[in-house]
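Reading through the C-alpha cells given below for one structure.
The values are calculated or read from the model by the stated rules, or taken from the named source; none is laboratory data. Predicted, not measured: the structure shown is a model, and the values here were computed from it. Every residue, glycine as well, gets a Cβ built from its backbone with ideal geometry; the counts of neighbours run over all protein chains shown.
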Amino acid sequence: MNKTIFCLTVLLLSTMPVLGREQKEYDSDLIYDESKVPHYDLPPVLVTAEGKPVTTAEQWRTIRRPQILSLFSHLVYGCVPEPESPINMQFRIVKTDPQFMGGQATRKDVQIRFSNDKGRAEMLVLVFVPNSATQPVPAFVKHSFNNTKSQDFDTHPQQAGRLRNGWPLGEFFDRGYGFVAVYQQDLVGHNEVEFLNGIHRLFYRTGQSLPKAYEWGCLSAVAWGAMRAMDYLETDADIDHTRVVIMGHSKMGKAALWTAAQDERFAMAISAQSGCGGAALWRRKTGETLEKLVTRFPYWLCRNAWKFVNQEDDLPVDQHMLLACIAPRPVYVHSGVADTWADARGEYLSAYHASEVYRLLGKTGLTSESSPPVGEAIIRSDVGYHIREGGHSIETYDWQRFLDFADYHFKN
C-alpha cells in the first residue's frame, strides 16, 4: 500500500467515531444481549493444523503451541522482524531513592537504551522494592498508561501509599512484592500511524518506512518493551525474576496476555478487562468487535487483522488459544458487570476453554461453563477469574484479588 494513502486512511478511520456520529449511534449495532450472540464454533485448541489430536504435553509444547503463536504473530498482533543491523541494548540506573514513601521502599529509575545504525530509542522503567525484604522479591510488572518520566509516580504521606492512579503500593510492599512500571508509549505512540519515531525504525530494512502487513503494530511493540524490562530484571539482585507477574488493564490487558504468551520468563499473567483483542472471544461479536477495534485503532494490531473484519469465523485462532499459550503458568482474568464493551461473558468463556490445555499439562482450570457469581473470585486454580459490580477500572477489590492469586501460587 502507498504510504501516503495508508496514513490518510488510518487517520480517517481513527477519527470516525467523532466525525458526525455520537458514540451511542456508533455503538448502536453492537450486541449486548446474550440471546443475540450468533452461533459460533471455536477452532480446536488441541488439534494440530494437520488435523491430528494433541494428547501429550510434548505434542503441545513442540507442535501445537508453536503453530498457534505463529498464527497470532502473523495474523493478529504482528511479528517482530529481524533487524538488518544488530540492536545494542544498555541498562543504566539513572536515579535511586532509598527513602521512597517515607522509607518503605527503594525506587530505581532504570534507563534502557537501544541503538544501531538506523537510530536510537530508549525506555524508562521504574522498579520499586520493599525495604523490609531480606531476599529477592517477586514483582508485578505493569504495562502502564502513566508516563514513567512524569510525577504520576511520586507519592506523599497523605496519599497513604497510593499513587495518583490508585495503585496500592503500600499493600504491595506489605505483602512482600516489588512493583515495576513500563510505559506504553516509550517505544511506540498510542495513536501511532507512520512508525518512524520509535523502536520500529531500528528494525526497518533499507528503504522501508512502514511495517509490512504481517509485522508488528502497537501492541506487539508494547509487549516487546516489557520483555526488555524483563531482560533488566534478570540482572537486578533485588528481584526474583522467576516470580514476575505481567499485568495490564484494558489496552494494556491485551498487551499483557500477548507478552506472557510469547515470553515464558513471566511466571504469571493478569488481564484486567482486556476485552476485544485481549481475553474476550472474537467470534461472539459482543461489545467491541474486531471491526470497531480496527476502525478506531487500526495500528494496534498488524494490518493482516483487517482481513478478518466481519469474517471472524475465518480466523484460525480465537482468544482462548492465546490464554492457552500461557499454560502451564497461572493466568487470571478480571471483568466488570457494567463493562459491557469488554464482553465479560466472552472473557470468562475464553478462560474456560483455555483450561483444557492446563488440564493436559497437569494443572487446574475452570470446570464450569457458567460464569461465577458477581464478587466471587476463583483463586485456588491455575486459571483464575472474577467479575465484580462496576465498570471499566481497577478497584481496591481487584488489586487484592490479584495479590491473593499471586500469594497462592508464589508463596504456597
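Annotation: of all residues in the stretch 358-399 being aromatic (Phe, Trp, Tyr) and not in a strand (DSSP E or B), the one that is nearest to MET321 (Cα to Cα) is TYR358. Evaluated against (1) of a type outside the set (D, E, K, R); (2) free of Cβ contacts under 8 Å to residues at least 60 places away in the same chain; (3) surrounded by 15 or more Cβ atoms within 10 Å (Cβ to Cβ); (4) more than 30 Å from ALA139 (Cα to Cα), LEU71 falls short on exactly one condition, (2). Residues of the stretch 54-61 include none that is outside any loop (DSSP other than H, G, I, E, B), charged (D, E, K, R) and crowded, with 19+ Cβ neighbours inside 10 Å.
Within the stretch 343-350, is even one residue outside any loop (DSSP other than H, G, I, E, B), touching a Lys or Arg at 6+ places or on another chain (Cβ under 6 Å), under 30 Å from ILE63 (Cβ atoms) and of a type outside the set (Phe, Trp, Tyr)? The answer is yes, given that some residue of the stretch 343-350 is outside any loop (DSSP other than H, G, I, E, B), touching a Lys or Arg at 6+ places or on another chain (Cβ under 6 Å), under 30 Å from ILE63 (Cβ atoms) and of a type outside the set (Phe, Trp, Tyr). Assessment of the stretch 274-288 against the conditions (more than 23 Å from TRP306 (Cβ to Cβ) and not basic (Lys, Arg)) yields no matching residue. Test ILE87 against the criterion of being in contact (Cβ under 8 Å) with a residue 60 or more places away in the chain and over 23 Å from the mean Cα position of the chain (by Cα), and give yes or no. So ILE87 fits the description; yes.
Of all residues in the stretch 88-113, those satisfying the criterion of being aliphatic (A, V, I, L, M) and at pLDDT 95 or above are MET89, ILE93, VAL94, ALA105, VAL110, ILE112.
Under the condition of being among the aliphatic types (A, V, I, L, M), surrounded by fewer than 23 Cβ atoms within 10 Å (Cβ to Cβ) and under 13 Å from ILE112 (Cβ atoms), the residues counted in the stretch 203-228 number 1.
Cβ-Cβ contacts under 6 Å between residues 6 or more apart (or on different chains), taken from a first residue in the stretch 372-395 that is on the phi > 0 side of the Ramachandran plot to a second residue that is buried (at least 17 other Cβ atoms within 10 Å of the Cβ) and of a type in the set (D, E, K, R), are listed as GLY375/ARG388.
Residues of the stretch 122-137 that are within 21 Å of the chain's Cα centre (by Cα) and either among the β-branched types (Val, Ile, Thr) or within 16 Å of ARG243 (Cα to Cα) (or both): VAL125, VAL127, PHE128. Suppose we filter the stretch 313-341 for residues that are closer than 21 Å to SER35 by Cα and either in contact with an Asp or Glu (Cβ under 7 Å, 6 or more places away or on another chain) or among the basic types (Lys, Arg) (or both); how many remain? Residues flagged as closer than 21 Å to SER35 by Cα and either in contact with an Asp or Glu (Cβ under 7 Å, 6 or more places away or on another chain) or among the basic types (Lys, Arg) (or both) within the stretch 313-341 amount to 3. Consider the stretch 166-180 and keep the residues that are modelled with pLDDT under 95 and assigned to a loop (DSSP other than H, G, I, E, B). The one that is surrounded by the fewest Cβ atoms within 10 Å (Cβ to Cβ) is GLY166. With respect to (1) assigned to a strand (DSSP E or B); (2) within 18 Å of ARG64 (Cβ to Cβ), the lone exception for LEU322 is condition (1).
Look at ASN146 and say whether it is touching an Asp or Glu at 6+ places or on another chain (Cβ under 7 Å), more than 21 Å from PHE195 (Cβ to Cβ) and surrounded by fewer than 21 Cβ atoms within 10 Å (Cβ to Cβ). Can you show your working first?
Numbers: touching an Asp or Glu at 6+ places or on another chain (Cβ under 7 Å): yes; more than 21 Å from PHE195 (Cβ to Cβ): yes; surrounded by fewer than 21 Cβ atoms within 10 Å (Cβ to Cβ): yes.
When the stated conditions are applied, ASN146 passes them.
Can you report the number of residues in the stretch 250-265 which are over 8 Å from the mean Cα position of the chain (by Cα) and buried (at least 24 other Cβ atoms within 10 Å of the Cβ)? Number satisfying all stated conditions: 1. Could you list, in sequence order, the residues of the stretch 102-125 that are surrounded by fewer than 22 Cβ atoms within 10 Å (Cβ to Cβ) and within 17 Å of PRO168 (Cα to Cα)? Answer for the stretch 102-125, where residues must be surrounded by fewer than 22 Cβ atoms within 10 Å (Cβ to Cβ) and within 17 Å of PRO168 (Cα to Cα): GLY102, GLY103, GLN104, THR106, ARG107.
SER85 falls short on exactly one of the conditions (1) out of contact with any helix residue (DSSP H, G or I) (no Cβ under 6 Å at 6 or more places or on another chain); (2) outside any helix (DSSP H, G or I); (3) modelled with pLDDT of 95 or more, and that condition is (3).
Here PHE402 clears all of (1) part of a helix (DSSP H, G or I); (2) more than 21 Å from ARG345 (Cα to Cα) except the condition numbered (2). With respect to the stated conditions, THR96 fails to be farther than 24 Å from TRP300 by Cα, more than 25 Å from the chain's Cα centre (by Cα) and crowded, with 16+ Cβ neighbours inside 10 Å. The sole residue among VAL357, VAL331, VAL383, VAL374 that is surrounded by fewer than 23 Cβ atoms within 10 Å (Cβ to Cβ) and of a type in the set (A, V, I, L, M, F, W, C) is VAL374.
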